[in-house]
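Report on the structure given below.
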Amino acid sequence: MTNTKELVDSFLKQQELCIEKISQQTDLIIQIIDALTKAQDNGKKIFTMGNGGSASTSSHFVSDLLKTSITKEKKRFEAISLVDNIPVILAWANDVSYEDIFVEQLANFLSDGDIIIGFSGSGKSKNVIKAMEYGKKKGAFCIGITGMSGGSFPTICDLCFIVPSNDMLAIESIHVMLCHCIVTAIREMGTPVFKYE
């Protein structure tokens with residue numbers, strides 16, 4: 001039986017190897033940052049979504065875009081997490097289907113040139129895929145943040161970041177780290193309004 005120290009060491013080693021691999025994808029991270037700051041400059045909205053742990057990351061990322069990323073030089077981001085309004089999610093899930101919980105919210109707000117960010121460890125979440133397909137038809141720019149094989153994300157998204165791991169917890173950890181990397185870069189390109197000391 002594996003002891004606790006071995007389990008902890010193994011998990012941390014997996015994270016270390018994952019970070020080593022994704023540090024070879026900095027060009028892709030820069031492209032995501034450029035897309036977000038272009039939307040910021042042009043007054044375009046950013047929508048995020050996901051299920052389970054990916055829903056948590058979706059909400060967390062919007063929180064950071066709306067506050068942590070504020071600088072003195074730039075407009076504030078217009079960002080909405082589609083996972084945060086539980087009553088509207090339950091209404092669409094109950095009255096139509098769970099696969100429609102994100103696409104139906106986008107139908108209320110989405111405009112040409114807006115950005116949709118889908119988080120999914122596998123890239124196979126049907127409700128996220130359906131929303132991104134809808135977004136593409138409406139002229140949105142789609143960014144996928146995923147792992148494993150990437151599922152359907154690479155064929156749908158304009159930019160797709162795939163965490164090189166098959167472990168869902170490792171993938172979700174890297175997703176949060178990636179969001180923090182993006183927000184840190186955006187903050188440091190200007191003069192941050194809020195400092196954390």
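The number of residues in segment 143-197 being among the hydroxyl-bearing types (Ser, Thr, Tyr), assigned to a loop (DSSP other than H, G, I, E, B) and closer than 22 Å to Glu20 by Cβ comes to 2.
Taking the listed residues Ser111, Ser149, Ser173, the one that is among the hydroxyl-bearing types (Ser, Thr, Tyr), surrounded by 15 or more Cβ atoms within 10 Å (Cβ to Cβ) and on the phi < 0 side of the Ramachandran plot is Ser173, with no other qualifying. Cβ separations smaller than 6 Å between residues 6+ apart or across chains give the following pairs from segment 7-36 residues that are surrounded by 10 or more Cβ atoms within 10 Å (Cβ to Cβ) and part of a helix (DSSP H, G or I) to residues that are at pLDDT 90 or above and of a type in the set (S, T, N, Q): Cys18/Ser165. Restricting attention to segment 38-97 and to residues that are touching a Ser or Thr at 6+ places or on another chain (Cβ under 9 Å), part of a loop (DSSP other than H, G, I, E, B) and of a type in the set (A, V, I, L, M), the residue that is surrounded by the most Cβ atoms within 10 Å (Cβ to Cβ) turns out to be Leu82.
If you check Gly123 against the conditions, is it assigned to a loop (DSSP other than H, G, I, E, B), buried (at least 22 other Cβ atoms within 10 Å of the Cβ) and more than 11 Å from the chain's Cα centre (by Cα)? The answer is yes for Gly123. Inspect segment 176-188 for any residue being in contact (Cβ under 8 Å) with a residue 24 or more places away in the chain, over 25 Å from Leu12 (Cα atoms) and surrounded by fewer than 21 Cβ atoms within 10 Å (Cβ to Cβ) and give the result as yes or no. Yes, some residue in segment 176-188 is in contact (Cβ under 8 Å) with a residue 24 or more places away in the chain, over 25 Å from Leu12 (Cα atoms) and surrounded by fewer than 21 Cβ atoms within 10 Å (Cβ to Cβ). For Gly139, the conditions (1) part of a loop (DSSP other than H, G, I, E, B); (2) crowded, with 18+ Cβ neighbours inside 10 Å; (3) at pLDDT 95 or above are fulfilled apart from (2).
Residue-wise test of (1) modelled with pLDDT of 95 or more; (2) closer than 14 Å to Met189 by Cβ.
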residue	(1), (2)
Ser10	no, no
Lys21	no, no
Thr37	yes, yes
Gln40	yes, yes
Gly43	yes, no
Gly52	yes, no
Val62	yes, no
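The values are calculated or read from the model by the stated rules, or taken from the named source; none is laboratory data. All figures in this text were calculated on a predicted structure; none of them were measured in a lab. In this analysis, Cβ positions are derived from the backbone assuming ideal geometry, glycine residues included, and neighbour counts consider all displayed protein chains.
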